[in-house]
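What follows is a set of notes on a single structure, which appears directly below.
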Amino acid sequence: MALTLCGRARRLVSATSVHKNGFLHRLQQTGSDRFQFGEAKAIRLLPRRTNMVQELGSRDNFLQHNREIETSYDFLGEMRQRFLRFKRQKYLPEIEKFQALAIAQSPKVMVIGCADSRVCPSYVLGFQPGEAFTIRNVANLITPIEYGPTETNSALEFAVTTLQVEYIIVMGHSNCGGIAALMSHPNHQEQKSSLVERWVMNGKAAKLRTQAASSHLSFDEQCRRCEKESIKDSVMNLITYPWVRDRVKRGELKIHGCYYNLSDCSLEKWRLSSDTINNGFCVSDREIWA
Ligand SMILES: [Zn+2]
């Protein structure tokens, strides 16, 4: 039995021809867009460097695998197009700038943000390449120095002591899944927790403070409050690092916390300031950018 390419399979061929991965070329070498089926077998179309067809066992499997391949090719093809568009429209017109960046970076800002795909600091705050040294983790948490090394505080050390950034921005956001995990996790089950749960429990102080102050609120409302409280705690945790604290005291480093509200596109901001009452520092001067 012969299979004539149609529907998804034909679109697959069309997509691969766009991406120039050699597949269409190989099809043309066969002189036909028809493939031979065994009686109870199906085939799938495989990319370059592998066999062109492979028995899969059923026609449903064939369609499912082609769907997966097509999706994969569309995504990578789109990435390729975006990269080439970046090169054409951004890199080449500003080649001197990018050539300088190829040698060294000298960002003024470090951003510590959430890993959430919706909260891209460079996109939301308009940073250009070379402007913001960025690290993202689940729920944008910074642990105090006594908790030991993490990838976040290792990046912090590099940004402050080597790059000598002038600003640190801790950027949290509304509807944070990490904070929801923190708020919903039982306080005394840390040994049985997942990696995510154990990580977000670093924000436990913000959680307990939120629960104590707003037990009358709904879970979602408590999460919104905890999202902001944990930003403030992370800002305060930054000054447990002596090389941060010293630079803040000398006025060489300024620290801000930001809360990006995805629902109404507003940004709430606080700054770390000196406070003679509260251990030398506090989070104050709330602003709303809307
Ligand atoms: Zn988040």
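Observations
- Each of Glu78, Glu94, Glu268 has some number of other Cβ atoms within 10 Å of its Cβ, and from fewest to most they run Glu78, Glu94, Glu268.
- The simple Förster model, with R0 at 35 Å and r as the Cβ-Cβ distance, assigns Ser273 and Ser117 a FRET efficiency of 0.60.
- Packing-based ranking, highest mean first, of 138-146, 150-158 given that Cβ atoms within 10 Å are counted: 138-146, 150-158
- The range 179-270 shape via C-alpha gyration tensor axes, a/c threshold 1.5: oblate
- Rounded to the nearest 20, the Cβ-based charge dipole of the range 215-262 about its Cα centre (Lys and Arg +1, Asp and Glu -1) stands at 320 debye.
- Highest-first packing order for the peptide set 282-289, 161-168 is 161-168, 282-289, based on the mean count of other beta carbon atoms within 10 Å.
- 20 Å Cα-Cα threshold exceeded, pairs from Lys207/Lys249; Lys228/Lys269; Lys207/Lys232; Lys232/Lys269: Lys207/Lys249
- Relative exposure of Lys228, Lys192, Lys97, judged by other C-beta atoms within 10 Å (fewest first): Lys192, Lys97, Lys228
- Linear extension gain, Lys108 paired with Gln189, 0.36 nm per residue minus alpha-carbon span: 25.1 nm
Values in this text are rule-based calculations from the coordinates and carry no lab data. Being a predicted model, the structure only gives us computed values, none of them experimental. Ideal geometry is used to build each Cβ from the backbone, glycine not excepted, and the neighbour counts take in all protein chains shown.
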